[in-house]
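The next block holds one structure in the form of structure tokens; read it before the comments.
The values are calculated or read from the model by the stated rules, or taken from the named source; none is laboratory data. For clarity, every value in this text was computed on a predicted model and none was experimentally measured. So basically every Cβ, Gly included, is an ideal-geometry build from the backbone, and we count neighbours across all protein chains shown. The protein model used for the area step is the full one, side chains on, heavy atoms only, and it has no ligands, DNA or RNA in it. Shrake-Rupley method; radii C 1.70, N 1.55, O 1.52, S 1.80 Å.
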Amino acid sequence: MITIRNIYISVNDYGYLLSVFFIMLILSGCQSDNKPSSQLKKQSAEILAPANDDFFQEIDEEIGLDFVHSIGAEHLTNIVESSGGGAAFLDYDKDSYIDLYVCSGTWLEGFTGTEKPGKLPENHLYRNLQNGTFEDVTKKAGVGGHGYSMGVTVGDFNNDGFPDLYVSNYGPNVLYKNNGNGTFSDVTKKAKVAGNECSIGAVWFDYDNDGLLDLYVGNYLNFDPQYKYYYAPDGFPGPMAYDSQPDFLYHNMGDGIFEDVTKAMGITDLDGRAMGVGAADYDDDGFVDVYVANDHTVNYLWHNDGGKGFTDKGTMSGTAFSQAGEATVSMSVDFADYNGDGLLDLFVSDDKYCSLYENIGNGVFSDRSYSSGISMAAAQYVGWSSSFVDYDNDGDVDIFKTNGALKHLYGHEDQIFENSGDGKFLDVSTERGKYFQKELVGRGACLGDYDNDGDIDAFIVNLNDRGVLLRNNKGNQNNWLTLDLTGTTSNRDGLGSRIKVISGGKVQTAQKRSTTGYLSQNDPRLHFGLAKNEMVEKIEIKWPSGKVQVLENVKANQILSVKEP
């Protein structure tokens, strides 16, 4: 006899009971739609993608990320195809886990030059299932895209608490309003932000501090598919073969409609071919400025004149050219205080040496790309998306950089530049994982803590190839703090907020931004590495409204939600 919970059965009945047991077990698994326990979540992540010894481990398909970027054709034939695509981490369903939106090109009649495929490529939205995996919810959400998509910027333009998507396209752009129920609505026509250009980078920011997010759209060039005059080894005509397109600035009127205020605000883009666009208050005057990385022409630094207009300070500030005095093939821009002096610096990636602009105050920058050690390591690659990130949580920001050929589907290795804390950066890529020995045609990339474990992961878009998620396995061996800001008087996202974190006597300064890197957007939460410090003595937040909020004696290793008072 066998005893189970005081019920006596014969040995002959045991096989029957065992069968019933397994059937119940299977049925319970099939009915597991409810959120799993924390322990089950941990087990699920470990089973699907167990950690190896790499600092960054390549995982994607095993966790449900099956995205493959498309140029819409079998071969790379023009400059527009070469210039996509971007990606963004966002919490679209507000469950405190970041989701992923990725942009793809597609087949276009009269543009691609090949026969129309049976199924057109589209953009994708992946929902984070909180257990280390994702599910594709593109169809349900209604965000597959219209036309040939380049990049995405995320912002809550109507302050309803749910992030919205603005997708830049070759052709009309698209504004998706988040309905708050897992779906989005295309409100582009009502909002009047479609345009009909070749838009590349775009950025949300509140330029007049009225609590509503405005939109800067960087436009590229007047592409002519019939223009064929070029030097054969180049593959196709370069950007200077086409006329430039002017950028646009849209002011949020607060009723779901935007007004084109480009000329009224002094944005005179005469010959820029915009690629990456970023926004931050570089001179700490309380108004967010805009930097535009232009292809082959001078870069713009649009200084915000108190919300009343903009003045280009690119040349005057020293950020229009490289330190060799050249207008480079600039791709992306990001802002951070890399040297701990309280001033926001810039990093601009390009096809050669790149530019690390140190903010030396009074509106002036100095190019430190050579002296920092970046230029010689970057020179052998064509750099696209670059973002400041403290990947190892040691308390200073490093640089993550994607690479790939300009006019051919030739792969390059991506790079990590580690901040040594003395103004120098060291290329440590090959020491951080087997992925960094792969040659892929990198474009956009977004960085964020997708599994909420305290270190920053990365998703990379590779041209006409599968995307890659790199999970950070070791960054959380140091302590950290993540801030999730919610504005009240200020815009709901808190974009433009300036944060100082003091821990162990060390001061870190950052600003909340939307677009980061090339055509992409990082985790909407602000992440700070704390090294071995277990306590943050002081957090100071200066909101766009001008309110200053101070928090003291905050424990490390938590995601802290902070609401504007």
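Among the conditions (1) assigned to a strand (DSSP E or B); (2) within 18 Å of Ser520 (Cα to Cα); (3) in contact (Cβ under 8 Å) with a residue 40 or more places away in the chain, the only one that Asn403 does not satisfy is (3). Just one of the listed residues (Ser369, Ser386) is open to solvent by less than 10 Å² (accessible area, probe 1.4 Å), in contact with a helix residue (DSSP H, G or I) (Cβ under 7 Å, 6 or more places away or on another chain) and at negative phi, and it is Ser369.
For segment 333-353, the candidate set comprises residues that are outside any loop (DSSP other than H, G, I, E, B) and aromatic (Phe, Trp, Tyr); within that set, the residue that is surrounded by the most Cβ atoms within 10 Å (Cβ to Cβ) is Phe347. Go through the residues of segment 156-179 one by one and say whether even a single one is touching a strand residue (DSSP E or B) at 6+ places or on another chain (Cβ under 7 Å), more than 30 Å from Gly286 (Cβ to Cβ), open to solvent by 40 Å² or more (accessible area, probe 1.4 Å) and not small (Gly, Ala, Ser). Yes, segment 156-179 has at least one match. Could you please give the count of residues in segment 143-161 that are under 20 Å from His251 (Cα atoms) and not in a strand (DSSP E or B)? Qualifying residue count for the region: 6. If you go through segment 458-478 and keep only what is out of contact with any Cys (no Cβ under 7 Å at 6 or more places or on another chain) and open to solvent by less than 10 Å² (accessible area, probe 1.4 Å), you end up with Ala458, Ile460, Val461, Asn462, Leu463, Gly467, Val468, Leu469, Leu470, Asn472, Gly475.
Can you find a residue in segment 139-147 that is touching a residue at least 40 places away in the same chain (Cβ under 8 Å), open to solvent by 30 Å² or more (accessible area, probe 1.4 Å) and more than 26 Å from Val193 (Cα to Cα)? No, there is no match, as no residue in segment 139-147 is touching a residue at least 40 places away in the same chain (Cβ under 8 Å), open to solvent by 30 Å² or more (accessible area, probe 1.4 Å) and more than 26 Å from Val193 (Cα to Cα).
Those strands (runs of 3 or more DSSP E) of segment 488-548 in which 1 or more residues are under 18 Å from the mean Cα position of the chain (by Cα) occupy 506-511, 526-531. When Phe89 is tested against (1) part of a loop (DSSP other than H, G, I, E, B); (2) farther than 24 Å from Asp295 by Cβ; (3) touching a Leu at 6+ places or on another chain (Cβ under 8 Å), just one condition goes unmet, and that condition is (1). Restricting attention to segment 49-70 and to residues that are in a loop (DSSP other than H, G, I, E, B) and over 19 Å from Gln437 (Cα atoms), the residue that is farthest from the chain's Cα centre (by Cα) turns out to be Pro50. Answer yes or no: is there a residue in segment 479-494 that is open to solvent by less than 20 Å² (accessible area, probe 1.4 Å), within 30 Å of Tyr207 (Cα to Cα) and out of contact with any Asp or Glu (no Cβ under 9 Å at 6 or more places or on another chain). Yes: segment 479-494 contains one or more residues that are open to solvent by less than 20 Å² (accessible area, probe 1.4 Å), within 30 Å of Tyr207 (Cα to Cα) and out of contact with any Asp or Glu (no Cβ under 9 Å at 6 or more places or on another chain). Could you say whether any residue in segment 464-474 is under 28 Å from Asn533 (Cβ atoms), touching a Phe, Trp or Tyr at 6+ places or on another chain (Cβ under 9 Å) and part of a helix (DSSP H, G or I)? No, there is no match, as no residue in segment 464-474 is under 28 Å from Asn533 (Cβ atoms), touching a Phe, Trp or Tyr at 6+ places or on another chain (Cβ under 9 Å) and part of a helix (DSSP H, G or I).
Residue count for segment 397-452 under the criterion of being out of contact with any strand residue (DSSP E or B) (no Cβ under 8 Å at 6 or more places or on another chain), under 16 Å from Asn464 (Cα atoms) and of a type outside the set (D, E, K, R): the result is 2. Of the residues in segment 35-47, none is open to solvent by 30 Å² or more (accessible area, probe 1.4 Å), at pLDDT 75 or above, over 23 Å from Arg466 (Cα atoms) and of a type in the set (Lys, Arg).
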